[in-house]
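Here's the structure we're looking at; comments come further down.
The values are calculated or read from the model by the stated rules, or taken from the named source; none is laboratory data. Since the structure is predicted, the reported quantities are computational estimates derived from the model, not experimental observations. In this analysis, Cβ positions are derived from the backbone assuming ideal geometry, glycine residues included, and neighbour counts consider all displayed protein chains.
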Ligand code: NAD
Ligand code: IPM
Ligand code: MN
């Protein structure tokens, strides 16, 4: 038997609602794989901030470091100044735990409605490898003459040779393991010439070690267009932190909606726990109404299982989701818990 120490950070808005369903499915799949879950729940997010002023105490971060893996719901609330929780909790976790790969599959499951006319599952099947610890996300920059007509706000993009090479290497490994073996760098090297050049040179150098992988390049503006009119162009994408954030929301939209998009914040070197979460946010507009789709979180649980070496259990969860998705078109809308129940039932049976 195998025990996983799982940290749960449900967070804000719909976070707790979708995480409950993710855990339901995890509990359902565990017995068949002789898996025991040792769960630790962490109360972090808007409520704690209002109560204590704390966002992520060092002692909590230290505890999280000792866990095997983290499941996160969503972070951010309209009652908290924008960025306090997003930067102080979510991004701090990604940075401190060295989640340099933000893995975001964009996959159209059979039977799922896509807004792209005529597109089939064969057309939309890619993995976005988004850099997770650098780029414009580091917080380097600042403000001068704040509040005056001459205010100057700078927000630097930080890109290191070390950081760029390790995420590109990871992307090559992903590409090599897939049938099409194609890797596309998405950037903006015609304008962001310093960072773009570092990515390009690193890509070309590492490519020599992967002669069977086809390498391509696409400016990010064009990439947004190709997501919509030629998604079959992409197999594995490697891109910077901000571009990856943006294109994976488009990716979610073409693959059936943000309620289906899963992700992993991965530390491939395993020097700290990786963290799995839906791509979407706390959705304050629908929070507390049982309307949120938990599918993205459940697929994130599948990625989590795969990461901890339980590939069979991961496959089982993904197949249960796929079967559920195949029957959704035309069926009456279900609540968050009803979707979780249905998928959990398929996992068992
Ligand atoms: P959002 O993803 O929360 O919501 C965008 C739209 O998608 C909303 O209409 C929402 O109702 C819908 N939606 C999202 N998830 C859904 C689900 N599971 N099922 C059905 N509909 C769903 O993005 P936003 O509105 O830009 O941001 C809201 C808050 O979440 C902000 O505070 C933002 O900073 C935060 N945020 C957090 C994360 C994260 O924790 N990883 C990601 C994105 C945004
Ligand atoms: C995401 C979110 C986060 C990001 C925010 C909330 C910090 O949009 O996970 O996609 O920009 O990475
Ligand atoms: Mn985002």
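May I ask you to list the residues in region 52-89 that are free of Cβ contacts under 8 Å to residues at least 24 places away in the same chain and either closer than 24 Å to residue 255 by Cβ or within 16 Å of ligand 3 (Cβ to nearest atom) (or both)?
Scanning region 52-89 gives 82, 83, 86.
Of all strands (runs of 3 or more DSSP E) completely enclosed by region 218-317, which ones contain at least 3 residues that are away from ligand 3 (no atom under 14 Å from the Cβ), within 13 Å of the chain's Cα centre (by Cα) and at pLDDT 95 or above?
Numbers: elements: 236-239, 262-266, 274-278.
Per the criteria, 274-278.
Within the group 161, 153, which residue is loosely packed, with under 13 Cβ neighbours inside 10 Å and without any contact (Cβ under 8 Å) to a residue 40 or more places away in the chain? Even if it seems obvious, please write down each step before you answer.
Values: 161 fails: without any contact (Cβ under 8 Å) to a residue 40 or more places away in the chain.
The unique qualifying residue is 153.
Mind checking which pairs have a first residue in region 276-295 that is within 18 Å of residue 264 (Cα to Cα) and in contact (Cβ under 8 Å) with a residue 24 or more places away in the chain and a second that is more than 7 Å from ligand 1 (Cβ to nearest atom) and in a loop (DSSP other than H, G, I, E, B), Cβ under 6 Å, 6 or more apart or different chains?
Qualifying pairs under 6 Å: 279/261; 282/12.
Counting only residues that are within 16 Å of ligand 1 (Cβ to nearest atom) and assigned to a loop (DSSP other than H, G, I, E, B), which one in region 44-74 is surrounded by the most Cβ atoms within 10 Å (Cβ to Cβ)? Steps first, answer last, please.
Kept after step one, since they are within 16 Å of ligand 1 (Cβ to nearest atom), are these residues of region 44-74: 44-50, 55-56, 64, 70-74.
Keeping just the survivors that are assigned to a loop (DSSP other than H, G, I, E, B) gives 44-45, 55-56.
Details: 44: 25, 45: 28, 55: 20, 56: 21.
Taking the candidates together, the pick is 45.
Going by the structure shown, is residue 115 within 24 Å of residue 322 (Cβ to Cβ) and assigned to a loop (DSSP other than H, G, I, E, B)?
yes
Would you confirm, using the coordinates I've provided, whether residue 238 is touching a strand residue (DSSP E or B) at 6+ places or on another chain (Cβ under 9 Å) and more than 14 Å from ligand 1 (Cβ to nearest atom)? Step through it out loud before you land on a result.
Numbers: touching a strand residue (DSSP E or B) at 6+ places or on another chain (Cβ under 9 Å): yes; more than 14 Å from ligand 1 (Cβ to nearest atom): yes.
It is true that residue 238 is touching a strand residue (DSSP E or B) at 6+ places or on another chain (Cβ under 9 Å) and more than 14 Å from ligand 1 (Cβ to nearest atom).
Regarding residue 186, is this residue in the same structural domain as residue 124 (by TED's automatic domain parsing), buried (at least 17 other Cβ atoms within 10 Å of the Cβ) and farther than 20 Å from residue 132 by Cα? It would help to see each step written out before you state the result.
Working: in the same structural domain as residue 124 (by TED's automatic domain parsing): yes; buried (at least 17 other Cβ atoms within 10 Å of the Cβ): yes; farther than 20 Å from residue 132 by Cα: no.
So residue 186 does not fit the description; no.
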